[in-house]
Amino acid sequence: MRPVAAQAPPRSTGKPHPGVAAARASAPPVKSGKFTVSQLGHTVGTAEFRFTPTSGGDEATSAVHVSMQGLEYALSKTEQLDAARHLEHVIVSATVNGQAVNVIAKPDAGQFLLNISANGRSSTTRLAAHGGAVFLPDFDPGALETLLALAAAQNGRDLWAIVPKQSGSVEAIQLATYPDEQGMLDGKPVTVHHLVATIAGANTDLFAGPEDELLQAELPQQGFSLIRKGFVLTPPRRSGAAPQ
């Protein structure tokens with residue numbers, strides 16, 4: 001019997017299998033943004049977010065660092081969001097002027113369960129649950145990015161903020177739309193949508209790109225701004241100025 005000659009393995013074409021290529025093409029992209037934190041035009045910190053697609057939605061992470069006279073602030077947040085950007089679980093670790101703050105929160109039995117540990121004390125609060133709720137720590141661009149996505153999906157209605165201060169609270173968000181403005185992003189002109197979110201009587205001016213991505217925010221804290229790196233509003237906005 002003649003020995004059977006071994007067959008050479010097929011040559012690689014260098015191209016992925018069509019099914020693999022299709023899966024790659026259909027996979028949602030990772031979204032991220034890096035920002036400068038400024039007060040009255042002076043840089044005092046940095047902030048960033050990242051949305052990584054998962055099988056059920058997104059894992060959203062944020063990191064903030066602010067260092068200035070009277071305020072040393074650091075924040076690390078990890079959220080699990082469903083496909084509609086509704087909050088499923090959040091963990092926050094922060095330090096405020098050397099004091100540690102830890103938060104764990106999630107929907108529970110038709111309510112929103114909020115556990116806060118700060119200054120050696122712990123509290124548990126049950127808040128009214130809302131599908132269009134955003135977990136909103138200070139200086140967090142990821143929370144504002146989520147707010148913009150929910151506002152686009154819900155026509156600016158039924159929006160809420162979960163505010164993790166003291167024992168925690170949930171506040172209605174009133175969203176107003178102003179005329180578009182212009183800006184430059186990475187050296188290219190871009191149309192900028194201008195919205196104002198009113199939360200517990202305080203206004204946050206939001207400037208978003210054509211895909212509702214956060215470009216700039218004028219925060220309710222006096223004179224503070226978040227500005228995406230590479231973005232310039234034209235003309236530049238004066239911190240604390242009212243909408244025209």
Seminar exercise, completed: Farthest towards the positive end of the dipole of segment 122-218, among S123, H194, Q216 and with Cβ unit charges of +1 on Lys and Arg and -1 on Asp and Glu, lies the Cα of S123
Exercise. So how tilted is helix 141-153 from the main axis of the chain? Cα-based, degrees 0 to 90, rounded to 10.
Worked result: 80
Exercise. Rounded to the nearest 500, what is the chain's calculated 222 nm mean residue ellipticity when only DSSP H runs of at least 4 contribute -39500 (n - 2.57) each, over all residues?
Worked result: -2500 deg cm²/dmol
Seminar exercise, completed: Here the gain from full extension of K34 to K165, 0.36 nm per residue of separation minus their alpha-carbon distance, amounts to 44.7 nm
Problem set entry | Which label in [x] 0.97; [y] 0.93; [z] 1.12 gives the computed Rg/Rh (Cα atoms, Kirkwood Rh) | [z]
Problem set entry | Percent of beta bridges antiparallel (DSSP, the chain, rounded to nearest 5) | 95
Seminar exercise, completed: Here, trypsin sites (Lys or Arg not before Pro) of segment 75-169 satisfying both criteria (DSSP loop; at most 13 other Cβ within 10 Å) are R157, K165
Problem set entry | Efficiency of FRET from Cβ geometry, R126 and A176, R₀ 35 Å, rounded to 0.05 | 0.70
Exercise. Assigning unit charges at the beta carbon (Lys, Arg +1; Asp, Glu -1) and nothing else, what dipole magnitude in debye, to the nearest 20, does the chain show about its Cα centre?
Worked result: 840
Problem set entry | Residue (of S167, L206, T177) at the positive-pole extreme of segment 141-244, dipole from beta-carbon charges | S167
Problem set entry | Most to least accessible of D180, D212 (protein chains only, probe 1.4 Å) | D180, D212
Exercise. Which pairs in the list K31/K165; K34/K106; K77/K229; K77/K165; K34/K165 are over 18 Å apart, alpha-carbon to alpha-carbon?
Worked result: K31/K165; K34/K106; K77/K229; K34/K165
Seminar exercise, completed: Expected max-MSF residue from S225, S38, S123 in the GNM of the chain (alpha carbon, under 10 Å) is S123
Problem set entry | C-alpha center-to-center spacing [segment 126-198, segment 90-108] in angstrom | 20
For this session: Rank these by accessible area, largest first, 1.4 Å probe: Y73, Y178.
Result: Y178, Y73
Problem set entry | Residue-level accessible surface for E211, protein heavy atoms, 1.4 Å, Å² | 150
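The values are calculated or read from the model by the stated rules, or taken from the named source; none is laboratory data. Source: prediction; values computed, not measured. Neighbour counts run over all protein chains shown; Cβ positions are idealised from the backbone, glycine included. Accessible surface areas use protein heavy atoms only, side chains included; no ligands, DNA or RNA. Shrake-Rupley method; radii C 1.70, N 1.55, O 1.52, S 1.80 Å.
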